[in-house]
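All of the numbers you see were taken from the coordinates with simple rules; none came from a lab. Computed from a prediction, not measured in an experiment: that's the story for all the values here. No Cβ is skipped: glycine too gets one built from the backbone with ideal geometry, and neighbour counts run over all protein chains shown.
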Amino acid sequence: MSVTAPPTVLRRRTGIAAGAVLLTLTVTGCSGLGRTAVGPVSYSTDQDKVVTVHSPSVKGCHRMEPAGAQKIENNTLVDIILYTTPDCTGRQSAYVATTFSDANAGRALPWRSYRFVH
């Protein structure tokens, strides 16, 4: 008497293995692409100029206009951290979750850069 699985079980196992291989190939193939924060980041300067950046890269530090930003809206799918320095350093920072906004007090330093939390 031999012990073999019925044909339906063998096909199911083969399908699962093929699906796992395809998923692995898809994930490794997309990892080299530049990941973006889907959606816009909008901010306004003290001169009421509105700047909108659509789907910026999640990598690196993003500089804002030289005048800085007084109000920022994060309508991306990724949280951001705002900085008062142009190079995303320093202790003065603010965390802005996805779909939230931040407005500076009148005497506060403007936001000059941001990076994504990923």
Worksheet item: So how many residues does region 30-55 have that are without any contact (Cβ under 8 Å) to a residue 24 or more places away in the chain and surrounded by 19 or more Cβ atoms within 10 Å (Cβ to Cβ)?
Response: 0
Response to the item:
Of Thr52, Thr76, the only residue that is assigned to a loop (DSSP other than H, G, I, E, B) and under 26 Å from Gly34 (Cα atoms) is Thr76
Practice prompt. Considering each residue of region 74-84, count those that are buried (at least 17 other Cβ atoms within 10 Å of the Cβ) and within 17 Å of Ala108 (Cβ to Cβ), and give that number.
Written response: 3
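To keep it simple, each residue is scored yes or no on (1) surrounded by 18 or more Cβ atoms within 10 Å (Cβ to Cβ); (2) more than 17 Å from Thr36 (Cα to Cα); (3) in contact (Cβ under 8 Å) with a residue 12 or more places away in the chain.
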position: Lys59; (1), (2), (3): no, no, yes
position: Gln92; (1), (2), (3): no, yes, yes
position: Thr99; (1), (2), (3): no, no, yes
position: Arg112; (1), (2), (3): yes, yes, yes
position: Phe116; (1), (2), (3): yes, no, yes
